[in-house]
Amino acid sequence: MLHLGIIGKPLVHSYSKQMFSDKFKSENIDGKYEEFEIDDISQIVDIIDSNLDLLGFNVTIPYKQKIIPYLNELSPEAKKVGAVNCVKIIRLKNNSYKLLGYNTDIIGFKESLLDFVPPKVIQKANKRALILGTGGASMAVEYVLSDLGFDLKKVSRNPQSPNEIAYKDISSILGTCQIIVNATPLGTFPNVDSFPDLPYSDLNSNYYLFDLVYNPSTTKFMQLGKSNNAHVLNGSHMLNSQALAACEIWGI
């Protein structure tokens, strides 16, 4: 049996298990996809040791960076980004193993972004984007937008570097940031009434709001943006794209 899974906490919002279970059923694959909700990243050792048929797993909040010390190798992209959302387990003799880390969020975000934002915005000169959040998910977003030539500002509750600003300072640069990406968990089920603190009334049809959250399908962040004529998109396309990339890594 093909055994895969996901680690994170919480996992109540995750569609990964349903998505992979549907894939196994539709493609007649003898497999299972298991949720491992853990309180500490160190528990990953016990999970791997007690599930000898486990071939790989996805990584979600809050472990995309914390998993790295447990890995034997990183793909070039994961090493550059500094975050991992996909791990392949190479089983060796005597129940030993190697863990290989990848970042398929890069592929998922880039494909989704380019389908969502018009080429004229992507290709313009002197363009700037705003990334809400500084966690593991934001690092893949930063990688893609930087590669596309965007000048970036990241928004944090506690700014710690020159390219980070506080939420109270967003108004001062909002006019130059057509793309705004929510890379925080705000608005994720079951906390659907939470949302990033933005001056939403200053938005208009020139803005593109990309929410990495996919459950619910329309977040408060998206609702508030849409009510001010901004273009909005959730993370469903990104989720599907990164999952397909993970399947290639796992060989399914």
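Just one of the numbered conditions (1) closer than 27 Å to K17 by Cα; (2) surrounded by fewer than 21 Cβ atoms within 10 Å (Cβ to Cβ) is not true of G101: (2). Filtering region 156-169 for residues that are touching a residue at least 40 places away in the same chain (Cβ under 8 Å) and crowded, with 17+ Cβ neighbours inside 10 Å leaves an empty set. Every listed requirement among (1) within 20 Å of the chain's Cα centre (by Cα); (2) outside the structural domain of D147 (by TED's automatic domain parsing) is met by D115 save one, (2).
Somewhere in region 36-44, is a residue part of a loop (DSSP other than H, G, I, E, B), among the polar types (S, T, N, Q) and loosely packed, with under 13 Cβ neighbours inside 10 Å? No, every residue in region 36-44 fails to be part of a loop (DSSP other than H, G, I, E, B), among the polar types (S, T, N, Q) and loosely packed, with under 13 Cβ neighbours inside 10 Å.
Looking for whichever is in a helix (DSSP H, G or I) and buried (at least 20 other Cβ atoms within 10 Å of the Cβ) here; the options are F57, F24, F20. Which one fits?
On the way: F57 fails: in a helix (DSSP H, G or I); F24 fails: buried (at least 20 other Cβ atoms within 10 Å of the Cβ).
After ruling out the rest, the residue left standing is F20.
Does K110 satisfy the condition of being assigned by TED's automatic domain parsing to the domain that holds S146 and within 20 Å of S138 (Cβ to Cβ)?
Values: assigned by TED's automatic domain parsing to the domain that holds S146: yes; within 20 Å of S138 (Cβ to Cβ): yes.
Considered against the rule, which asks whether it is assigned by TED's automatic domain parsing to the domain that holds S146 and within 20 Å of S138 (Cβ to Cβ), K110 comes out as yes.
Would you confirm whether any residue within region 172-188 is out of contact with any Ser or Thr (no Cβ under 7 Å at 6 or more places or on another chain), surrounded by 21 or more Cβ atoms within 10 Å (Cβ to Cβ) and within 24 Å of I68 (Cα to Cα)? The answer is yes, given that some residue of region 172-188 is out of contact with any Ser or Thr (no Cβ under 7 Å at 6 or more places or on another chain), surrounded by 21 or more Cβ atoms within 10 Å (Cβ to Cβ) and within 24 Å of I68 (Cα to Cα).
The values are calculated or read from the model by the stated rules, or taken from the named source; none is laboratory data. These numbers were taken from a predicted model, which means no experiment stands behind them. Cβ atoms come from the backbone with ideal geometry, glycine included; neighbour counts cover every protein chain shown.
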